[in-house]
Every structure is written in C-alpha cells, then in structure tokens.
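Report on the following structure.
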Amino acid sequence: MTRWGILATGNIAAQFAADLSLVPGAELVAVGSRTAASAEAFAARHGVERAYGSWADLAADDDLDVVYVATPHSAHHEATMTCLDAGRAVLVEKPFTLDLADSTELVETARSRGIFLMEAMWMRCNPVVRQVCDLVADGAIGALTTVQADFGIAGPFPPESRMRAKALGGGALLDLGVYPVSLAHLLLGVPEHVRSWAKISPEGVDENTGIVFGYDSGAVATLSCGILGQTPIRAVIGGTTGRIELADPFFRPGTVTVHRAGAEPETIVAEHVGSGYQDEAIEVQRCLAEGLTESPLVPHSATLEVMGLLDAVRAQIGVSYR
C-alpha cells in the first residue's frame, strides 16, 4: 500500500483525491494546508484520516510515502522544498515552478538526496497519448513535419484570480501553454528556434500567446494558448506519409484518428475513467515500488527542458514573475 498525502485543498487537490480512489494500492491518509480549518474541511469531505494546519507538519508525517503538491504554481517551489527537506517523495502539479532556476534547484536537491520527484504532467502518463507516441516512433505517419496544438479558455477572469494575478504566476502560458509546449517537446524535442508573441494584460501577464518552434530537421510546431476565448483544444501531428488528430482535449483525448497515406482513417477510442489524474499516480507508485528516483515517462530532463522553453517564450513576450 502506498500512503499519500495531499498538500493544498483547492479544486485540483479534490479531483486528485477522488481519482486516487481508482488507483490500486493507493491510500490517502493525510492532507495539509496553511490553515487547520481548510485541512480539516478537506479531510472531512474526502474521508482523510489526518489533517495538518501547516505544510511542514504534513511533510514531517513519517507515515507518508509520497506527497502530491497541488498549490497554485507560484507556491510549488516552497511547498516542494518543504517536502524534500523532510525526506518525502513528491509529485508536483504542473508547471513545476515559475522558472527554470527554481525547477533546477528542486531537481538538484532531490537528486542529491536520492528522493523521488516528478512533475504531474499527466498527459505524458495518459495511455492514449503514450499510444500516439508509439505510433509516431514506429513510423506510422513517416518523418514528423508539423505539430499543431492550442489551449484557450473563455473568461472573463477577475484581476485577482490565479489566471490573471501576477503574484500567482498568472497568464495563459504557464497554466495552459505548458500543454502544447509539452506535446511539441514530447514528439520533437528541444527546438533550435523559438519565436513568440503575446497580448499582455494590465496585470502584466499574457492573455493570448502564439508560439512557433523551428527544428533543424525542417519540422515546425505552431502552438497557442489564451484566456480570452475558447479554442478547439485539439492537436494535429503531421508527417511525410500521414497525420494523427487528437480530439478535444488533446492532452486526454477521447478519440485519436490516424490518417495513413492510401488507407482508410483508423480511429482509436479511449475509455476514460475519473478525471485522469490516476494515471500519474499509478506511475508514481510504480517508480516507488522499483526504487526509482525519477520517472522514465516524466523524466527530470523533460521537465527542465520544457521549463527552459517557457522561460524563452516569456523573455520574448516580456512577462517576468521575479
């Protein structure tokens, strides 16, 4: 049995708690928040045995095998470091931190202490997305030429919301753009060329952002994210002999359609259960059982390379959280 703790009590923590009940061998035994009242209310709703009124108290619980950090991403670094300092394995909600420097510090700390650490980029653990990667690797659509992906949602969001507040790491890029960027990275790796543009809000965060990655192979990724209007949230992967279409939402698609040259389209239908967070929890438990300190599905290198790309985009569009 893997004993889990959850750090934070917001909506995503609640979804993760619900999905954890779908994971064989998982037990949610503790929750921690900045206030005892919030932790106790969450524990009562989700049947959690222990509630702590501070992050440090949760991290100090030696009965825990791993802690899931579900705070707003502006607090990921502090919360994760609190857990690592206590020797606790950690699954950190995406994006890992606000920038590459903070992400690198967490990875180096975990590595130096031999502690498991993983970014909760659940897309990389999704069985259908993994199947798509296998198809691409097997040459189902030839050599890759394009990746197109978008993630835009409609507001309006008030200035103090986590989607707009600069102090909370607001804006479209870190919250939504991390998905298209991660998909391009998953399929094509680190680009040699990065170009981007954004509409900046009065709060100083990006509201609508376009990104182009160029690769010396000739491949191009065209990506977008925004908080001003709903977009299709689909992805298309193009190759020299076909294409693969991932339905909305592409990071957890219900269907994937493979178009091969000279053949009828093939549709893969996913049977989703829960909200999708169970896949990353299953991967964490597999890694812990095997004594791994990082996941081969979500390796530290991928987390740092994606964060480096997000930093590069932010530098071009003029958004800084420091």
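The values are calculated or read from the model by the stated rules, or taken from the named source; none is laboratory data. Since the model is a prediction, treat every value here as computed from it, not as a measurement. Quick reminder, even Gly has a Cβ in these numbers, built from the backbone with ideal geometry, and neighbours come from all protein chains shown. For accessibility, only protein heavy atoms count, side chains too; no ligands or nucleic acids. Shrake-Rupley method; radii C 1.70, N 1.55, O 1.52, S 1.80 Å.
Suppose we filter the range 54-79 for residues that are open to solvent by 20 Å² or more (accessible area, probe 1.4 Å), assigned to a loop (DSSP other than H, G, I, E, B) and of a type in the set (Asp, Glu); how many remain? Here the count works out to 3.
With respect to the stated conditions, THR255 is open to solvent by 30 Å² or more (accessible area, probe 1.4 Å) and either among the polar types (S, T, N, Q) or more than 22 Å from the chain's Cα centre (by Cα) (or both). Of all residues being part of a helix (DSSP H, G or I) and in contact with a strand residue (DSSP E or B) (Cβ under 6 Å, 6 or more places away or on another chain) in the range 20-42, which is surrounded by the fewest Cβ atoms within 10 Å (Cβ to Cβ)? Just the residue, please. Within the range 20-42, the match that is surrounded by the fewest Cβ atoms within 10 Å (Cβ to Cβ) is GLU40. Reported count of residues in the range 241-295, each being hydroxyl-bearing (Ser, Thr, Tyr), in a loop (DSSP other than H, G, I, E, B) and touching a Ser or Thr at 6+ places or on another chain (Cβ under 8 Å), is 0. For residues that are outside any loop (DSSP other than H, G, I, E, B) and open to solvent by 60 Å² or more (accessible area, probe 1.4 Å), tally how many sit in the range 151-169. So the count comes out to 2.
Here's the yes/no breakdown for (1) modelled with pLDDT of 95 or more; (2) among the aromatic types (Phe, Trp, Tyr); (3) open to solvent by less than 10 Å² (accessible area, probe 1.4 Å); (4) farther than 21 Å from ARG314 by Cβ:
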residue: LYS199; (1), (2), (3), (4): yes, no, no, no
residue: ASN208; (1), (2), (3), (4): yes, no, no, no
residue: ILE227; (1), (2), (3), (4): yes, no, yes, no
residue: THR241; (1), (2), (3), (4): yes, no, no, yes
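Determine, yes or no, whether PRO232 is open to solvent by 40 Å² or more (accessible area, probe 1.4 Å), within 21 Å of the chain's Cα centre (by Cα) and not acidic (Asp, Glu). So PRO232 passes the test. Exactly one residue among ALA120, ALA154, ALA140 is aliphatic (A, V, I, L, M) and within 18 Å of GLU283 (Cα to Cα), and that residue is ALA120. Looking at the range 80-93 only, could you name the residues that are buried (at least 21 other Cβ atoms within 10 Å of the Cβ) and within 15 Å of ASP57 (Cβ to Cβ)? Of everything in the range 80-93, those that are buried (at least 21 other Cβ atoms within 10 Å of the Cβ) and within 15 Å of ASP57 (Cβ to Cβ) turn out to be THR82, CYS83, ARG88.
Among the residues of the range 170-195, just one is buried (at least 23 other Cβ atoms within 10 Å of the Cβ), assigned to a loop (DSSP other than H, G, I, E, B) and out of contact with any strand residue (DSSP E or B) (no Cβ under 8 Å at 6 or more places or on another chain), namely GLY170.
For ILE141, the criteria (1) more than 27 Å from HIS300 (Cβ to Cβ); (2) hydrophobic (A, V, I, L, M, F, W, C); (3) open to solvent by 10 Å² or more (accessible area, probe 1.4 Å) hold in every case but one, which is (3).
The number of residues in the range 103-132 being crowded, with 18+ Cβ neighbours inside 10 Å, of a type outside the set (Gly, Ala, Ser) and assigned to a helix (DSSP H, G or I) comes to 9.
Taking the options THR82, THR97, name whichever one is polar (S, T, N, Q) and either touching a Lys or Arg at 6+ places or on another chain (Cβ under 8 Å) or over 21 Å from GLU283 (Cβ atoms) (or both). Give the steps one after another, and end with the answer.
On the way: THR97 fails: either touching a Lys or Arg at 6+ places or on another chain (Cβ under 8 Å) or over 21 Å from GLU283 (Cβ atoms) (or both).
Sole residue among the options that is polar (S, T, N, Q) and either touching a Lys or Arg at 6+ places or on another chain (Cβ under 8 Å) or over 21 Å from GLU283 (Cβ atoms) (or both): THR82.
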